[in-house]
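The values are calculated or read from the model by the stated rules, or taken from the named source; none is laboratory data. Not measured: the values here are computed from a predicted model. Neighbour counts are summed over all protein chains in view; Cβ atoms, including those assigned to glycine, are modelled from backbone coordinates with ideal geometry.
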Protein chains: 2
Amino acid sequence: MAGGRDTGPRPLRTRAAALDAADGLRGARALFALDDGVYLDGNSLGALPAHVPARVADIVTRQWGELRIRSWDESGWWTAPERIGDRIAPLVGAAPGQIVVGDSTSVNVFKAVVAAARLRPDRTDIVVDASTFPTDGYIAESAARMTGRRIVPVAPAELSSALGPDTAVVLLNHVDYRTGRLHDLPSLTADVHAAGAVAVWDLCHSAGALPVGLDAHGVDLAVGCTYKYLNGGPGSPAYLYVAERHQAAFDSPLPGWHSHADPFAMDHAYAPADGATRGRVGTPEILSTLALEAALEVWDGVSIDSVRAKSLALTDFFLECVAAYVPGGLDGPDSRLTSTTPVAHAERGSQIALRCAEAPAVMKELVARGVVGDLRRPDVLRFGFTPLYVGFADAERAAATLAEVLAEITPV
Amino acid sequence: MAGGRDTGPRPLRTRAAALDAADGLRGARALFALDDGVYLDGNSLGALPAHVPARVADIVTRQWGELRIRSWDESGWWTAPERIGDRIAPLVGAAPGQIVVGDSTSVNVFKAVVAAARLRPDRTDIVVDASTFPTDGYIAESAARMTGRRIVPVAPAELSSALGPDTAVVLLNHVDYRTGRLHDLPSLTADVHAAGAVAVWDLCHSAGALPVGLDAHGVDLAVGCTYKYLNGGPGSPAYLYVAERHQAAFDSPLPGWHSHADPFAMDHAYAPADGATRGRVGTPEILSTLALEAALEVWDGVSIDSVRAKSLALTDFFLECVAAYVPGGLDGPDSRLTSTTPVAHAERGSQIALRCAEAPAVMKELVARGVVGDLRRPDVLRFGFTPLYVGFADAERAAATLAEVLAEITPV
């Protein structure tokens, strides 16, 4: 390492080793294919579970190559969307039968927002988190246009001021993709319900990193991706949650044949299936879908509460290391780094976002030194902490490397 | 074989051997992983190209497992939908830049029908092939509902009677999934245009089996799947064709962030990308998408005209064998089999559909004897002929086995 930082004892490094030794989840790291770098981009693309390549090989060579069409029954292809939904369900606090896997998050946002609006036919407003990941806003705008509603953008902190008798639907992100801010799902859902509206949550940046409690908090509809904290592989299919009480009235804007009550009747009249199946559309992309199913096995026996506890400890420790190592510290008057992630645990997801004037150059250099985070233009360094395979020594090393890089890059 | 059919000389078997020997495409069979059965269900799920497992292993292990997030750039993940679209383009007669891969066929039908309706804002009718694969009808119904139009069902043969000044969009299947009837795309497209309407074609059962000529015949929009004659793997992503002249006005109902002009600007205002990219939605399912890309390599150097010539010869020969072998013949007063596939080449796709009162039992027994077709309830035996890996000896054997099975199954 440069700058002599590696020559003396580092108390934080010693603490990291102790924290790792005491970490009840440390065994999970061996389940993943990792190199000797520090991967802090699992909030964008989760790492590869080590057993997945052999499983995918079997799916391709035997299920597709040998059984071919028979696999729709014999290899369980047809029922995979519901089966995998039920595997995700406990990770987000849902009872079985309410989640179906398939399509992209964007497509599922469309299904959810349109179906939610149809649950409130006499109301005009679709309220959308103004800080949302943009695709949610684009798709909600289309859903509003196509159902004759209007979009009301709002900051989640000011949600209550936007709610009223005209509010049909509220679409919120559980964790902000940029800042890592965790929104108060129980309280906001209660506010939405108090206004008589339908709550739709986007769980992309929370599922697999912290408890969600969909059923416990009475969420109506939810969507999420599976390629971040759920490690399902690049672009692995998203999921749709429809609370059981809404399933009979769930009126999909994408009523493809896989959502039909009897798809092989090839009936020209559409009759929707019961349950979560009603959220399906067309033929699922089986290789990506079954790779996700295999990947989810790393969650066997893992408590999401223990994941959450480790996530908070990791992000706390990373912030402490950054403050200690970086010249000028963190968030101070002389600091080149400002955290936009809330300090309060109740408001923090599982990532740290640091604003830095030299962010593009800094991230490029971090990646070159084996510390992989990502850049959100123009000036945000984003570090995701995935408790199944990131440890405290990784957090310390990332902070130390960040300090080194900053010392070498001239402030703009 | 049972029934003594295999003891004497079989002139048709001799002819089959000669036809196979003269077949310019016979070398392609070696590109696929096949067993010693006869696979006549490639019109439902294409066989596995033999090189695909190694390619998928590399995608999973190296691209995902080692490069991880860097693969979006370094492994060409981000640009795959357009790149693969351009690989499909010559197979359906499209110049580059007009096809994008992603999502299911159903989702693409929704994009295409809604966008087509928006090209004719003052017209009320969406005309749909009444014999269509049901999902097209269900989705068109939703598109009509959400754009304030009405559905007009029509048999393709009676299309002209349904066209008029109110016709906005016509959605047609190129080949009927049940009967194998090929519709006259050039003529019907011209009729649609003469009425001032927009023609949307579903190519699921034609692409890869016969020339389509999208550009030459002035088709406006088209969709198709890739897991049948294109051998892309189970549920491999569908594609959307938007003729270049319509791209600037293409107004997607699913404007996800991958269709944005600058997706990583994360702009809250939607600005559509130019070109085929405008048809994208969310993050593509990369494993399924790149398996498709690898699978398409079997088309290198293959002329779709030669595929069509062989397809017609194969289906002719199969019908001849069935007529010769089956007690009571084909289509006669004493026959137990009636072909619903047109005899005329100009009206035939690449499958043969035979009605048979005992169809469920017959297909079950055929599969048990290594001849895999499929059943369309209640009484259709469907045999798909995929010229890249099905030969004349296969057709003869399938007919002989069908005759054996019928001889053993008591008529109902």
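Could you please let me know if B:ALA143 is within 13 Å of chain A (Cβ to nearest Cβ), surrounded by 24 or more Cβ atoms within 10 Å (Cβ to Cβ) and small (Gly, Ala, Ser)? The answer is yes for B:ALA143. Given the condition within 13 Å of A:LEU40 (Cβ to Cβ), under 25 Å from the mean Cα position of the chain (by Cα), within 14 Å of chain B (Cβ to nearest Cβ) and without any contact (Cβ under 8 Å) to a residue 40 or more places away in the chain, answer yes or no: does some residue in segment A:367-378 qualify? Yes, some residue in segment A:367-378 is within 13 Å of A:LEU40 (Cβ to Cβ), under 25 Å from the mean Cα position of the chain (by Cα), within 14 Å of chain B (Cβ to nearest Cβ) and without any contact (Cβ under 8 Å) to a residue 40 or more places away in the chain.
Taken together, the criteria place B:VAL362 among residues that are aliphatic (A, V, I, L, M) and crowded, with 23+ Cβ neighbours inside 10 Å.
The set of residues in segment B:148-183 being within 14 Å of another protein chain (Cβ to nearest Cβ) and crowded, with 21+ Cβ neighbours inside 10 Å consists of B:ARG149, B:LEU171, B:ASN173, B:ASP176, B:TYR177, B:THR179.
Given A:GLY93, A:GLY76, which one is over 19 Å from the mean Cα position of the chain (by Cα), more than 10 Å from every other protein chain (Cβ to nearest Cβ), on the phi > 0 side of the Ramachandran plot and not acidic (Asp, Glu)? The conditions single out A:GLY76. When B:LEU119 is tested against (1) within 12 Å of chain A (Cβ to nearest Cβ); (2) closer than 26 Å to B:PHE250 by Cα, exactly one condition is not met: (1). The number of residues in segment A:358-398 that are touching a Cys at 6+ places or on another chain (Cβ under 8 Å) and more than 29 Å from A:ALA295 (Cβ to Cβ) comes to 2. Of the residues in segment A:43-65, not one is more than 12 Å from chain B (Cβ to nearest Cβ), on the phi < 0 side of the Ramachandran plot and out of contact with any Pro (no Cβ under 9 Å at 6 or more places or on another chain).
Scanning segment A:102-116 for residues that are within 11 Å of chain B (Cβ to nearest Cβ) and touching a Gly at 6+ places or on another chain (Cβ under 9 Å) turns up A:GLY102, A:ASP103, A:SER104, A:THR105, A:SER106, A:VAL107, A:ASN108, A:VAL109, A:PHE110, A:LYS111.
A count restricted to segment B:332-358 and to residues that are crowded, with 22+ Cβ neighbours inside 10 Å and either among the hydrophobic types (A, V, I, L, M, F, W, C) or outside the structural domain of B:PHE392 (by TED's automatic domain parsing) (or both) stands at 5.
Residue-by-condition table, conditions (1) within 15 Å of B:VAL100 (Cα to Cα); (2) in contact (Cβ under 8 Å) with a residue 40 or more places away in the chain; (3) in contact with a Pro (Cβ under 6 Å, 6 or more places away or on another chain); (4) not assigned by TED's automatic domain parsing to the domain that holds B:TRP64:
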{"site": "B:HIS258", "(1), (2), (3), (4)": "yes, yes, no, no"}
{"site": "B:PRO263", "(1), (2), (3), (4)": "no, no, no, no"}
{"site": "B:ASP267", "(1), (2), (3), (4)": "no, no, no, no"}
{"site": "B:TYR270", "(1), (2), (3), (4)": "no, no, yes, no"}
{"site": "B:ASP274", "(1), (2), (3), (4)": "yes, no, no, no"}
{"site": "B:VAL281", "(1), (2), (3), (4)": "yes, yes, no, no"}
{"site": "B:PRO284", "(1), (2), (3), (4)": "yes, yes, yes, no"}
{"site": "B:THR289", "(1), (2), (3), (4)": "yes, yes, yes, no"}
{"site": "B:ALA295", "(1), (2), (3), (4)": "no, yes, yes, no"}
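Is it true that some residue in segment B:346-354 is of a type in the set (Ser, Thr, Tyr), in contact with a strand residue (DSSP E or B) (Cβ under 7 Å, 6 or more places away or on another chain) and not in a helix (DSSP H, G or I)? Yes - at least one qualifying residue is present in segment B:346-354. For segment A:13-36, the condition holds for no residue, the condition being that it is at the interface with another protein chain (Cβ under 9 Å from one of its Cβ atoms) and over 27 Å from B:ARG62 (Cα atoms). For A:ALA130, the conditions (1) in contact with a His (Cβ under 9 Å, 6 or more places away or on another chain); (2) surrounded by fewer than 21 Cβ atoms within 10 Å (Cβ to Cβ); (3) more than 27 Å from B:ASP262 (Cα to Cα) are fulfilled apart from (3). Scanning segment A:196-217 for residues that are in contact with a strand residue (DSSP E or B) (Cβ under 8 Å, 6 or more places away or on another chain) and surrounded by fewer than 20 Cβ atoms within 10 Å (Cβ to Cβ) yields one hit, A:GLY196.
In the set (1) of a type in the set (A, V, I, L, M, F, W, C); (2) surrounded by fewer than 24 Cβ atoms within 10 Å (Cβ to Cβ); (3) in contact (Cβ under 8 Å) with a residue 40 or more places away in the chain, A:LEU221 fails one condition alone, (2).
Tell me whether segment A:112-126 contains one or more residues that are in contact with a helix residue (DSSP H, G or I) (Cβ under 8 Å, 6 or more places away or on another chain), assigned to a strand (DSSP E or B) and closer than 13 Å to A:VAL200 by Cα. Looking for residues that are in contact with a helix residue (DSSP H, G or I) (Cβ under 8 Å, 6 or more places away or on another chain), assigned to a strand (DSSP E or B) and closer than 13 Å to A:VAL200 by Cα, one finds at least one in segment A:112-126, hence yes. For segment B:79-89, the set of residues classified as surrounded by 15 or more Cβ atoms within 10 Å (Cβ to Cβ) and either within 10 Å of chain A (Cβ to nearest Cβ) or out of contact with any Asp or Glu (no Cβ under 8 Å at 6 or more places or on another chain) (or both) consists of B:ALA80, B:PRO81, B:GLU82, B:GLY85, B:ASP86, B:ILE88, B:ALA89, listed by residue number. Please work out which one of (1) assigned to a helix (DSSP H, G or I); (2) more than 10 Å from chain A (Cβ to nearest Cβ) is the condition B:GLY301 fails and give its number. The single condition B:GLY301 does not satisfy is (1).
When A:ARG15 is tested against (1) surrounded by 15 or more Cβ atoms within 10 Å (Cβ to Cβ); (2) out of contact with any Phe, Trp or Tyr (no Cβ under 9 Å at 6 or more places or on another chain); (3) not assigned by TED's automatic domain parsing to the domain that holds A:PRO263, only condition (2) is not met.
Listed here are the residues, each with its yes/no results for (1) free of Cβ contacts under 8 Å to residues at least 60 places away in the same chain; (2) touching a His at 6+ places or on another chain (Cβ under 7 Å); (3) over 30 Å from A:ALA47 (Cα atoms).
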{"site": "A:VAL114", "(1), (2), (3)": "no, no, yes"}
{"site": "A:ARG123", "(1), (2), (3)": "no, no, yes"}
{"site": "A:ILE126", "(1), (2), (3)": "yes, no, yes"}
{"site": "A:GLY148", "(1), (2), (3)": "yes, no, yes"}
{"site": "A:ALA162", "(1), (2), (3)": "yes, no, yes"}
{"site": "A:VAL170", "(1), (2), (3)": "yes, no, yes"}
{"site": "A:ARG178", "(1), (2), (3)": "no, no, no"}
{"site": "A:LEU185", "(1), (2), (3)": "yes, yes, no"}
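Just one of the listed residues (B:LEU240, B:LEU254) is within 14 Å of chain A (Cβ to nearest Cβ), among the aliphatic types (A, V, I, L, M), crowded, with 24+ Cβ neighbours inside 10 Å and assigned to a loop (DSSP other than H, G, I, E, B), namely B:LEU254.
Out of A:THR289, A:THR283, one residue alone is buried (at least 24 other Cβ atoms within 10 Å of the Cβ), part of a helix (DSSP H, G or I) and within 12 Å of chain B (Cβ to nearest Cβ). It is A:THR289.
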